[in-house]
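Bear in mind that the values in this text are calculations on the coordinates, not laboratory data. Small disclaimer: the values here were computed from a predicted structure and weren't measured. Every residue, glycine as well, gets a Cβ built from its backbone with ideal geometry; the counts of neighbours run over all protein chains shown.
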Amino acid sequence: MLAPIEVFGQTEAGAPPTATRLRFGPLYINPVVALTNAGIDNNVFNEPDPEGPKRDFTMTVTPAADLWLRLGPSWLRGNVKEDLVYFQTYSSQNSANTSFSLNWVMPFNRLTLNPGLSYLNTNDRPGFEIDARAPREEIDYNGMLELRLASKTFVGARIDQRTIDYAPGEEFNDTNLHQELNRTVTTAGLTLRYQATPLTSVMFDATREEARFEFSPLRDTDSSLFAGGLKFDPAALLKGSATFGYRDFRPLSSSVPPYQGSIAAVNLSYLPLSTTLLSGTYVRDVQYSYDVNQPYYLQTGATGSISQQIFGPVDVVGRIGVQRLEYRVRTDAPVDPNRVDHVTMYGGGVGYHLGSDLRIGFNVDQQLRTSDIESNEYSGLRYGFSVTYGL
């Protein structure tokens, strides 16, 4: 029969945190509403300086909510988010970006089942390479089962299928993104988890990944991944996860070079004092490029931020980040075999808290990209106000 188990310091697997804002019978809700980027973007299209970058007033309104629904002894978890993006002059860039995810946590005596799905319909930029706000849909079906072998040791298996579908006719740099990047990525793996403390888990994964492109089989790849890391409970002073591993990335086409090397995914935050928050990310992995001559690149990047309450309800925030895009070139392709792009980001802001739930801020952020291809270089400055209400 189904039975609750303790995971990451919670009394039940999948249960909402104790600080959940609203409850309606078996339904728990944490709502958030944010107004961000209400100000000036001085390079709407990420154009190089010689082309005369376009300037516009923009803002984004984002209502979102985390939800938990009690279904007997199991929990259905969800997240719903909508980004409403507005540009005053360049209305072609306006969009409503929708995302949601569902995850059903079903704990048995020693076995936990966890099926889920997520959906994204967005016009947002897909990464640091493509500057077009390209419409696309992403659908992800996933599932995991985990068996408790001992009081602190768990083994599991997981499977994931993600489909990425760009809108027909969508182009960037005279390249049809629908033709080049539509793909399905299927992943299956085995996991080992050790609950070292109520707030810390040690994890090991072995994964097989297949990427199949709908219209561009030149890009098809198979990968084997081996990784280990730590995961920290949201109730801990150190939150998030850190994973490091190795990827054997093998394109099916002999004209595309393979990659065997390190990968990483780190997303951590630390609250050493009640008035200070440190956050950082680090990523290293392969990403697919829109350019058929350079089918993929190795992305290595890090970001960091510090938020400090300086007095009363006033805080200041500083941000910095760097990204390195190292391209891999097809055999005999007529392009530079040593191309590397760099993206640098830095900025900061000041905020004022009106009670525990409402924050008003002013932010300034600069982003620059340098490249061996002159037309890919740009610099952009954004500044404006933000308002956030909710947890």
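For region 223-305, state the average projected area of the convex hull of the C-alpha atoms over all orientations, rounded to one decimal in nm².
The directionally averaged projection comes out at 6.7 nm².
Percent relative contact order of region 22-390, based on C-alpha pairs within less than 8 angstrom and at least six residues apart?
Relative CO of region 22-390 lands at 12 percent.
Quick check: pseudo-label points 7 Å beyond the Cα along Cα→Cβ at residue 208 and residue 188, how many nm apart are they?
0.6 nm
Can you tell me the FRET efficiency between residue 241 and residue 153 if r is taken as the Cβ-Cβ distance and R0 is 22 Å, rounded to the nearest 0.05?
0.70
In nm, what is the difference between 0.36 nm times the number of residues separating residue 218 and residue 316 and their Cα-Cα distance?
So the extension gain works out to 30.5 nm.
Just how large is the dipole of region 233-391 about the Cα centre, in debye to the nearest 20, putting +1 at every Lys and Arg Cβ and -1 at every Asp and Glu Cβ?
For this selection, approximately 260 debye.
Calculate the translational D of region 142-191 in whole µm² s⁻¹ from Stokes-Einstein, where the hydrodynamic radius comes from the Kirkwood formula applied to all Cα pairs, the temperature is 37 °C and the viscosity 0.692 mPa s.
D = 241 µm²/s.
Would you kindly calculate the mean projected area, averaged across all directions, of the convex hull enclosing the Cα atoms of region 88-151, in square nanometres?
Over all viewing directions, region 88-151 projects a mean Cα-hull area of 6.8 nm².
Please report the orientation-averaged projected area of region 77-125, defined via the convex hull of its C-alpha atoms, in nm².
4.0 nm²
Would you kindly calculate the translational diffusion coefficient of the chain, applying Stokes-Einstein with the Kirkwood radius from alpha carbon pairs, for 10 °C and a viscosity of 1.306 mPa s, and quote it in µm² s⁻¹ without decimals?
68 µm²/s
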